1. Please pick out the residue among 211, 203 that is out of contact with any Leu (no Cβ under 8 Å at 6 or more places or on another chain) and surrounded by fewer than 24 Cβ atoms within 10 Å (Cβ to Cβ).
2. Anything in segment 129-178 that is in contact with a Leu (Cβ under 9 Å, 6 or more places away or on another chain), within 16 Å of the ligand (Cβ to nearest atom), within 15 Å of residue 194 (Cα to Cα) and aliphatic (A, V, I, L, M)? List them, or say none.
3. Regarding residue 207, is this residue charged (D, E, K, R), away from the ligand (no atom under 16 Å from the Cβ) and without any contact (Cβ under 8 Å) to a residue 12 or more places away in the chain?
4. Criterion first (within 16 Å of the ligand (Cβ to nearest atom), open to solvent by 10 Å² or more (accessible area, probe 1.4 Å), in contact (Cβ under 8 Å) with a residue 24 or more places away in the chain and over 12 Å from the mean Cα position of the chain (by Cα)) does residue 121 satisfy it?
5. So which residues in segment 147-173 are open to solvent by 10 Å² or more (accessible area, probe 1.4 Å) and over 19 Å from residue 213 (Cα atoms)?
6. Would it be correct to say that residue 230 is modelled with pLDDT of 95 or more and within 15 Å of the ligand (Cβ to nearest atom)?
7. So residue 186 clears everything in (1) more than 16 Å from the ligand (Cβ to nearest atom); (2) in contact with a strand residue (DSSP E or B) (Cβ under 7 Å, 6 or more places away or on another chain); (3) at pLDDT 95 or above except one condition, right? Which one?
8. Looking at segment 72-90, is at least one residue within 16 Å of the ligand (Cβ to nearest atom) and closer than 30 Å to residue 220 by Cα?
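The values are calculated or read from the model by the stated rules, or taken from the named source; none is laboratory data. Only a predicted model underlies this, so the values are computations on that prediction, with no experimental measurement involved. Neighbour counts run over all protein chains shown; Cβ positions are idealised from the backbone, glycine included. The accessibility values were calculated without ligands, DNA or RNA, using every heavy atom of the protein model including side chains. Shrake-Rupley method; radii C 1.70, N 1.55, O 1.52, S 1.80 Å.
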Amino acid sequence: MKKIVVLLSLMLIYSCKKEVKEKIETVTITSNELKETVAFLASDALQGRDTGSQGIEEAATYIENQFKTLGVKPYFKTYKDPFKVDSLNAYNVVGVIKGNDQELQKEYIIIGAHYDHIGISKKVVANDSIANGANDNAAGTSSVIAIAKYFAAKKNNKRSLLFVLFSAEEKGLLGSMHLAKKLKAQNVNLYTMVNLEMIGVPFIDRDYTAFITGYEKSNMAEKLNNYLDANVIGFSEIAKKYNLFTHSDNYPFYKEFNLPCHTISSCDLSNYDYYHHVDDEADKLDYNHMANLINTILPGIEKMSNTPTKEIILNP
Ligand SMILES: [Zn+2]
């Protein structure tokens, strides 16, 4: 009898410990997993992921398989949401993690990045003509997959999260335009969008880690820094000068929905020599910087998906 009591109490202690362990489980993004994704997407085998090419087809399937493995569900009937670019077939890859709150799950946050690039470059350097697009934007793509992994494991988002990898960004934001119009027509209750572009190299000589395009258009940077209790997201004069706000996939969503939709980046062309260059290769990126940036902003996105009201708003 005594033995049974001891055994039972041991089992009880063990199960309590297990429960505590599960509750405080943290999910950390590693530089290695980001590097692995970028190395695949930016490999010569994918030929620079031009829209309509065999290479981008393989990239789309890779992303789809990652979502499947993580347990991220397709938002539409299939992960690949097709559209046409002239006669070419193109796909955005769209996954969803439903919010866990009856009411707030009706509101959506888009976490996005484009996974296409410019394919074969006319500017041949040392016999290399493949524009690999590692920083632009295998980096952002790997980050969206990593963020999806985080929420698929934690399942603590009250609002629903859409994870979108856009095609045909390099053709003029065509993938994001297609999806923005489609979601608008379906009356989707969008809260906000965070797009990730060229986060593969560190921003230099700043007291913040990354910048946001369209900084002054909303309170997103301020709110994120607030949620993170740190100065992580700042301003870039170059982004402002070249109006980068209108040059990435956040812009069609801003236009359709008139909501805070921004791109976070750590490269405004002042700190990387290989923009649209055949040397924008996987070995040029700083994966510790990437992992650090994502792990730093993740709790901000988490908070964004759980606040009782929509705190991020356009500035008047
Ligand atoms: Zn880009």
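1. 203
2. Within segment 129-178, 139, 144, 164 meet the criteria.
3. no
4. yes
5. 149, 150, 152, 153, 154, 155, 156, 158, 171
6. no
7. Failed condition: (2).
8. No - not one qualifying residue is present in segment 72-90.
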